[in-house]
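*Asks:* Just passing along the structure, written as structure tokens.
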Amino acid sequence: MADLTSNFIGIKSPNPFWLASAPPTDKEYNVRRAFEAGWGGVVWKTLGSEGPPVVNVNGPRYGAIYGADRRLLGLNNIELITDRPLQTNLREIKSVKRDYPDRALVVSLMVPCDEDSWKAILPLVEETGADGIELNFGCPHGMAERGMGSAVGQVPEYIEMVTRWCKQYTRMPVIVKLTPNITDIRRPAEAAKRGGADAVSLINTINSITSVDLDDFAPEPTIDGKGTHGGYCGPAVKPIALNMVAEIARNPETAGLPISGIGGVTTWRDAAEFMALGAGNVQVCTAAMTYGFKVVQEMISGLSDYMDRKGFTSTSELVGRAVPNVTDWQYLNLNYVTKAEINQDDCIKCGRCFAACEDTSHQAIAVSDDRVYTVKDEECVACNLCVDVCPVDCITMRKLDKGEVDPRTGETVGDYANWTTHPNNPSAAAAE
Amino acid sequence: MSTSQLTEGIVPGRLDPESYCTNFADHAPALSAQEARIAADRCYFCHDAPCMEACPTTIDVPLFIRQIATGTPEAAAKTIFEQNILGGMCARVCPTENLCEGSCVRMDAEGEPVEIGALQRFATDTLMAKQSHPFARAERTGKSVAVVGAGPAGLACAHRLAMNGHEVTIYDARSKPGGLNEYGIASYKAPGGFAQAEVDWLLQIGGITIVENWQLGREGDGDLAELLGDYDAVFLGMGLAGVNALRLDGEDKEGIRPATDFIAELRQASDLAELPIGRDVVVIGGGMTAVDAAVQSKLLGALNVSLVYRRSRAEMPASVVEQEHALTNGVTIIENAAPIAIHGNGAVREVEFAYTKKGEGGLEMTDATFRLKADQVFKAIGQTLGDMPAQIEIAGGKIKVDGAGRTSVERVWAGGDCTHAGEDLTVTAVAQGRDAAEEIHQFLMEG
């Protein structure tokens, strides 16, 4: 079994799977159960300033979208930060950390955007023995209306300012959690780095309305006939999160800045993908909220098996391994030519490839009277849609070798060449 | 009750009263909403779907399943009924394993088809439970059509004609409409009086009158010429009234009867405990009627039931699922054997069989014989057309039709089991009745 031990900005944990700051980490009872189930660490649900705690709605706070067999694909929530007293949380954090010294315990924080508020809370957290803090600049609902959460995360200058305060007033490592509800994720990450952040974590949830009640004509979850946008998470947001992680990882301004990957991590494979794109560890919420804490056991065994197969002895060998292969469109090889190929032995003749290609793509699949589907190489642009819609995964892409002729274009496959030198590109660099 | 399963002879009340309820309950209970949702999620929404092609009525299966999956079972039902107005019964009795489900691409993928039949029942039951009829009649045409036979072909034809604005009168020889749905299929396939409920629901379209106990050509009823005089067109869908004989000495011995008679009696029985059944029952034949008779004999308490077919199991007209259903219920299936003699003094006591083999000229008897103890024998070796009007051309013992059921007589169409195009399937009869109706409609509107 591979060594899954993780050292993320000096915070050690037996594995890279942390529970994200969210409902599952709101109190001692849950966190203890999580650690017993095998989670490497938790980010304690966001604490606010001392005083009367926030209140939550008393109607539904989650909404969902589903795939086949009501498999939960996306979850949205309008829950706020912890609604329990600060002192209660601090006492519990201390108690849990004392009993689980080998696990990572990071505390998420969100207080008003002034120096005094941050200065006041940091020593209280430090006193618990927690391993670090995560600044919640991401929560898109409720708290943002009060000038916190994503209201801060959407202004790089604020991020930098608050991060700097935190670095100034505590010796604990500082992770800045980023909101995806912005146009360019690189800017807040750069600001965090300028402010001295030890790491960024992303993504927080995405502004969303999951569904509309078509009888009451109200967004769901509905509270007394009204609804509000909530934060979207779960498997459906993973692609968005992966891209944002990769953007930060390959941005020269932030390259090397540790990243904690968050967003729809459901299986070991998701975690490995985040790590390959530069995340030093991952944080999980929706998978646990859907299936319970036990899911971590599959993540541990799966990642371990994968690392053994690849011969990786440490997670650090995986982290960032795919980053060099994330590039801009203009550098993609236009002489890389592939053609779809249907494995007739595995094909079940459902015809979905045909419907997709014929109706919406390039009319590159032929069908015989006895329902044999074949690819017309002279029409196939290798778009991959047939591969994507095939329910039994029997279509693959065959790469044409250099020197082969593409029957569609009549051109011979040549060496690497991209858009920057393409004759159709008005600003193409002249060939030397 | 002093009778039991061990009692010799043909006697009623072999079982305790509760057993009849259990034995004849719905053998494939309806899907719950949850089961339907999960089953519907398995459909791939295939292009040019094979299931749709395999359905004799060409129901748009992927569409109706998607309609179920998206929470609109009533819309799904309408999709089904547009093609097959007896979609409720077909969902219960179709040999789906040979039709839609047999062609489901999931058979290739994992050997388990989408449960199309059960889903069809879910949709049609949902709509029918609301007692709403999804179709309305077109503007009245002033034309009238006589339909002979209130079975699947006649009902489907009548409904489509009525929908197209014509006035329809259905004549049926029995005292209840429904045909084989009411008299000819196993009780546990459509319990709870479903056949009659379906006819009542179908008649909600309006414009259809049913005349019962009326047989074509029977003294005092009427003949084809009279119908042609009274109506603009005639559709014949009277099914098969006769049964094939074993052609053996002693065939008239007590205890020997057509399986169809037994099934009809069972279907109409108000108390199954009063229905007599033999202790040792032999069913001769290999079709669905044979299986239905054999299984129901067993369920009535017969101790030993043997189903004997002259060819191999693979060649049996009854589907594999039907055969397995028989075996599960304790029926013994004996293949490659044909009856050669009936023994008994007054009543049948034993049937003697010879094993068969395939010869050059067809099936041949071998010298290997055996006898089966039998106090009751059901013949299920096929049915025949009853008396037909002389002017109707017959081919291969059945009414000859062209295209969508045109017979040799002007203004007369036919469909279902009584035609040479029939396949002894409810769903085929429905398709033929429907298609004939469309052609009759075209004919009437052009005329």
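*Asks:* Only residues that are surrounded by fewer than 19 Cβ atoms within 10 Å (Cβ to Cβ), charged (D, E, K, R) and touching a helix residue (DSSP H, G or I) at 6+ places or on another chain (Cβ under 7 Å): list them for the stretch B:92-124, please.
*Replies:* B:Glu97, B:Glu112
*Asks:* Taking helices (runs of 4 or more DSSP H) that fall entirely within the stretch B:1-93, which contain at least 1 residues that are more than 14 Å from chain A (Cβ to nearest Cβ), farther than 22 Å from B:Ser132 by Cβ and of a type outside the set (Ser, Thr, Tyr)?
*Replies:* B:17-23, B:87-93
*Asks:* Something else about it: Any idea which of B:Ala354, B:Ala368 is among the small types (Gly, Ala, Ser), surrounded by 13 or more Cβ atoms within 10 Å (Cβ to Cβ), outside the structural domain of B:Asp172 (by TED's automatic domain parsing) and at pLDDT 95 or above?
*Replies:* Going through B:Ala354, B:Ala368 in turn, the sole match is B:Ala354.
*Asks:* Specify the residue that is surrounded by the fewest Cβ atoms within 10 Å (Cβ to Cβ); the eligible residues are those in the stretch B:183-205 that are of a type in the set (D, E, K, R) and at pLDDT 95 or above.
*Replies:* B:Asp200
*Asks:* Also, I was wondering about something else. Hey, does the stretch A:323-336 have a residue that's within 14 Å of chain B (Cβ to nearest Cβ) and under 33 Å from the mean Cα position of the chain (by Cα)?
*Replies:* Within the stretch A:323-336, not a single residue is within 14 Å of chain B (Cβ to nearest Cβ) and under 33 Å from the mean Cα position of the chain (by Cα).
*Asks:* Being more than 30 Å from A:Ala37 (Cβ to Cβ), without any contact (Cβ under 8 Å) to a residue 40 or more places away in the chain and either touching a Gly at 6+ places or on another chain (Cβ under 8 Å) or surrounded by 17 or more Cβ atoms within 10 Å (Cβ to Cβ) (or both) narrows it down to one residue among A:Lys376, A:Lys349, A:Lys339; which is it?
*Replies:* So the residue among A:Lys376, A:Lys349, A:Lys339 that is more than 30 Å from A:Ala37 (Cβ to Cβ), without any contact (Cβ under 8 Å) to a residue 40 or more places away in the chain and either touching a Gly at 6+ places or on another chain (Cβ under 8 Å) or surrounded by 17 or more Cβ atoms within 10 Å (Cβ to Cβ) (or both) is A:Lys349.
*Asks:* Looking at the stretch B:125-161, which of the residues that are in a loop (DSSP other than H, G, I, E, B) and among the hydroxyl-bearing types (Ser, Thr, Tyr) is surrounded by the most Cβ atoms within 10 Å (Cβ to Cβ)?
*Replies:* B:Thr141
*Asks:* Looking at the stretch B:52-66, I want the residues that are in contact (Cβ under 8 Å) with a residue 40 or more places away in the chain and have a partner that is charged (D, E, K, R) with Cβ atoms under 6 Å, at least 6 apart or on another chain. Which pairs are those?
*Replies:* As it stands, the answer is B:Met52/B:Asp60, since those pairs meet every condition given.
*Asks:* Please specify each residue of the stretch B:94-108 satisfying the condition of being more than 14 Å from chain A (Cβ to nearest Cβ) and hydroxyl-bearing (Ser, Thr, Tyr).
*Replies:* Listed by number, the list holds a single entry, B:Thr96.
*Asks:* With the condition kept exactly as written, say whether any residue in the stretch B:325-334 is part of a helix (DSSP H, G or I) and in contact with a strand residue (DSSP E or B) (Cβ under 9 Å, 6 or more places away or on another chain).
*Replies:* The answer is yes; a qualifying residue exists.
*Asks:* Sticking with this structure for a sec: Mind listing just one residue for me: the one in the stretch B:382-411 that is touching a residue at least 40 places away in the same chain (Cβ under 8 Å) and touching a helix residue (DSSP H, G or I) at 6+ places or on another chain (Cβ under 8 Å) and, of those, nearest to B:Ile256 (Cα to Cα)?
*Replies:* If we take residues in the stretch B:382-411 being touching a residue at least 40 places away in the same chain (Cβ under 8 Å) and touching a helix residue (DSSP H, G or I) at 6+ places or on another chain (Cβ under 8 Å), then B:Gln383 is nearest to B:Ile256 (Cα to Cα).
Results for (1) among the acidic types (Asp, Glu); (2) surrounded by fewer than 19 Cβ atoms within 10 Å (Cβ to Cβ); (3) more than 27 Å from A:Val152 (Cβ to Cβ), shown as yes or no for each residue.
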position: A:Arg71; (1), (2), (3): no, yes, yes
position: A:Gly74; (1), (2), (3): no, no, no
position: A:Ile78; (1), (2), (3): no, no, no
position: A:Arg84; (1), (2), (3): no, yes, no
position: A:Asn89; (1), (2), (3): no, no, no
position: A:Asp102; (1), (2), (3): yes, yes, yes
position: A:Leu109; (1), (2), (3): no, no, no
position: A:Pro112; (1), (2), (3): no, yes, no
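*Asks:* Restricting the search to the stretch B:1-38, which residues are under 26 Å from the mean Cα position of the chain (by Cα) and hydrophobic (A, V, I, L, M, F, W, C)?
*Replies:* Passing the criteria: B:Cys21, B:Phe24, B:Ala25, B:Ala28, B:Ala30, B:Leu31, B:Ala36.
*Asks:* To continue, here is another question. Taking the stretch A:165-186, which residues are under 18 Å from A:Pro258 (Cβ atoms) and not in a loop (DSSP other than H, G, I, E, B)?
*Replies:* A:Cys166, A:Lys167, A:Val174, A:Ile175, A:Val176, A:Lys177, A:Arg186
*Asks:* Can you go through B:Gly278, B:Gly255, B:Gly287, B:Gly237 and tell me which one is crowded, with 16+ Cβ neighbours inside 10 Å and not assigned by TED's automatic domain parsing to the domain that holds B:Gly330?
*Replies:* Result of the check over B:Gly278, B:Gly255, B:Gly287, B:Gly237: B:Gly237.
*Asks:* May I pose another question? With respect to B:Arg121, determine if the residue is within 14 Å of chain A (Cβ to nearest Cβ) and assigned to a helix (DSSP H, G or I).
*Replies:* no
*Asks:* Turning to a different aspect of this structure: Output the residue which, of all residues in the stretch A:389-403 that are more than 14 Å from every other protein chain (Cβ to nearest Cβ) and surrounded by fewer than 12 Cβ atoms within 10 Å (Cβ to Cβ), is farthest from A:Thr360 (Cα to Cα).
*Replies:* Looking at the filtered set, the residue picked out is A:Gly403.
*Asks:* Among the residues of the stretch B:359-380, count how many are under 28 Å from the mean Cα position of the chain (by Cα) and without any contact (Cβ under 8 Å) to a residue 12 or more places away in the chain.
*Replies:* 0
*Asks:* What pairs come up if the first residue lies in the stretch A:224-239 and is in contact (Cβ under 8 Å) with a residue 60 or more places away in the chain, the second is surrounded by fewer than 22 Cβ atoms within 10 Å (Cβ to Cβ) and polar (S, T, N, Q), and their beta carbons are under 6 Å apart, counting only those six or more places apart or on different chains?
*Replies:* Correct list of pairs: A:His229/A:Asn207; A:Pro235/A:Thr266.
*Asks:* Restricting attention to strands (runs of 3 or more DSSP E) lying wholly within the stretch A:187-284, give those where 1 or more residues are within 11 Å of the chain's Cα centre (by Cα) and more than 21 Å from A:Val155 (Cβ to Cβ).
*Replies:* The strands (runs of 3 or more DSSP E) meeting that bar are A:230-233, A:259-262, A:279-284.
*Asks:* Still on this structure, I have one more. Just the residues that are surrounded by fewer than 19 Cβ atoms within 10 Å (Cβ to Cβ) and of a type in the set (Asp, Glu), please, taken from the stretch B:316-351.
*Replies:* B:Glu324, B:Glu335, B:Glu350 - these are the residues of the stretch B:316-351 that are surrounded by fewer than 19 Cβ atoms within 10 Å (Cβ to Cβ) and of a type in the set (Asp, Glu).
*Asks:* Residue by residue through the stretch B:274-322, note down the ones that are hydrophobic (A, V, I, L, M, F, W, C), closer than 22 Å to B:Gly362 by Cβ and within 15 Å of the chain's Cα centre (by Cα).
*Replies:* Correct list: B:Ala290, B:Ala318.
*Asks:* Go through the stretch A:198-226 and give me each residue that's under 21 Å from A:Thr179 (Cβ atoms), surrounded by fewer than 22 Cβ atoms within 10 Å (Cβ to Cβ) and hydrophobic (A, V, I, L, M, F, W, C).
*Replies:* Scanning the stretch A:198-226 gives a single hit, A:Ile209.
The values are calculated or read from the model by the stated rules, or taken from the named source; none is laboratory data. Given the structure is predicted, the values throughout are model-derived calculations rather than measurements. Methodologically, a virtual Cβ is constructed for each residue, glycine included, from the backbone with ideal geometry; neighbour enumeration extends over all protein chains shown.
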